[in-house]
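Everything on this sheet refers to the single structure shown next.
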């Protein structure tokens with residue numbers, strides 16, 4: 001599955017109503033570490049297809065969603081399970097740490 005680009009319009013359906021966990025990447029096009037994380041998110045989307053949804057939120061375009069998650073620095077990753085925040089981290093993380101977040 002490809003990465004889902006979340007907006008206020010599809011957030012309810014794709015995250016809050018999701019049966020599987022959702023890994024959300026809060027990012028912006030001007031953010032260097034965010035761009036470095038992008039290939040890792042693409043790999044995870046392929047490897048975890050059917051098990052975990054991989055999604056991105058552009059903090060400049062979706063300020064309300066970024067505020068809802070109290071995003072102060074990017075990249076920020078959030079794991080949502082059953083519509084609730086299960087784990088989060090700020091800053092560039094290696095793939096192994098991201099996978100560990102999904103296990104928690």
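Observations, loosely collected:
- Just one of the numbered conditions (1) touching a residue at least 60 places away in the same chain (Cβ under 8 Å); (2) surrounded by fewer than 20 Cβ atoms within 10 Å (Cβ to Cβ) is not true of residue 36: (1).
- Scanning the range 3-33 for residues that are in a helix (DSSP H, G or I) and over 14 Å from residue 62 (Cβ atoms) yields 13, 16, 32, 33.
- Residue pairs whose Cβ atoms lie under 9 Å apart, separated by 6 or more positions or on different chains, with the first residue in the range 66-94 and on the phi > 0 side of the Ramachandran plot and part of a strand (DSSP E or B) and the second modelled with pLDDT under 95 and surrounded by fewer than 11 Cβ atoms within 10 Å (Cβ to Cβ), do not occur.
- Residue in the range 79-88 that is surrounded by 20 or more Cβ atoms within 10 Å (Cβ to Cβ) and within 11 Å of the chain's Cα centre (by Cα) present: yes
- Residues in the range 48-67 that are under 24 Å from residue 19 (Cβ atoms) and either in contact with a helix residue (DSSP H, G or I) (Cβ under 9 Å, 6 or more places away or on another chain) or loosely packed, with under 12 Cβ neighbours inside 10 Å (or both): 48, 50, 51, 52, 53, 54, 55, 56, 57, 62, 65.
- Being at pLDDT 95 or above and surrounded by 12 or more Cβ atoms within 10 Å (Cβ to Cβ) is a property that residue 21 has.
- Those residues of the range 89-104 which are out of contact with any strand residue (DSSP E or B) (no Cβ under 9 Å at 6 or more places or on another chain) and surrounded by 14 or more Cβ atoms within 10 Å (Cβ to Cβ), in sequence order: 92, 95, 99
The values are calculated or read from the model by the stated rules, or taken from the named source; none is laboratory data. Only a predicted model underlies this, so the values are computations on that prediction, with no experimental measurement involved. So basically every Cβ, Gly included, is an ideal-geometry build from the backbone, and we count neighbours across all protein chains shown.
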